[in-house]
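Please find one structure pasted underneath; my questions will follow.
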């Protein structure tokens with residue numbers, strides 16, 4: 001095969017096709033940086049959208065995904081169906097999610113959760129909660145806590161089912 005002739009003949013179609021392919025790949029598998037961390041978050045209490053009051057310490061004995069997100073964040077919205085699937089598949093094995101929204105309106109967050117059928121707990125992220133995790137500078141950001149309540153991983157960017165499986169299942 002003559003590659004130069006092939007390239008000349010398809011050059012006008014090849015570059016746009018590669019760009020579209022790259023955009024589709026980044027949409028479904030956006031880059032995320034996983035960092036191994038250690039330590040414990042500062043003790044915090046939070047109220048879920050259903051009015052229940054919890055403390056992070058209450059979740060000891062479970063592997064916990066703490067997710068910071070917002071209803072207006074497209075990557076946050078894109079990762080949530082995978083989080084819900086993973087939650088349903090692994091909840092019986094001791095997996096829990098707490099999704100802390102940085103939105104200002106709890107009513108909007110509750111409506112969003114109901115509208116999309118998300119069953120994992122959600123709460124509002126005040127400054128104290130964000131500081132307990134060292135501050136949250138970008139969305140989405142997630143933390144994985146082991147059964148003893150220690151921080152194990154920080155994910156800067158979107159989580160997906162495969163990434164959750166790789167990071168959470170060894171801790172279950």
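When the Cα centres of the range 41-101 and the range 114-154 are compared, how far apart do they sit, in Å?
6
Where Rh is the Kirkwood radius over the Cα pairs of the range 32-171, the temperature 10 °C and the viscosity 1.306 mPa s, what D in µm²/s does Stokes-Einstein return?
107
Take the Cα radius of gyration of the range 84-163 and divide it by 2.2 N^0.38 Å, with N its residue count; two decimals is plenty.
Details: Rg = 13.1 Å, N = 80, 2.2 N^0.38 = 11.6 Å.
Relative to the 2.2 N^0.38 Å estimate, the range 84-163 comes out at 1.13.
Any read-out appearing in this document is the output of simple, stated calculations on the displayed coordinates, not a laboratory observation. All figures in this text were calculated on a predicted structure; none of them were measured in a lab.
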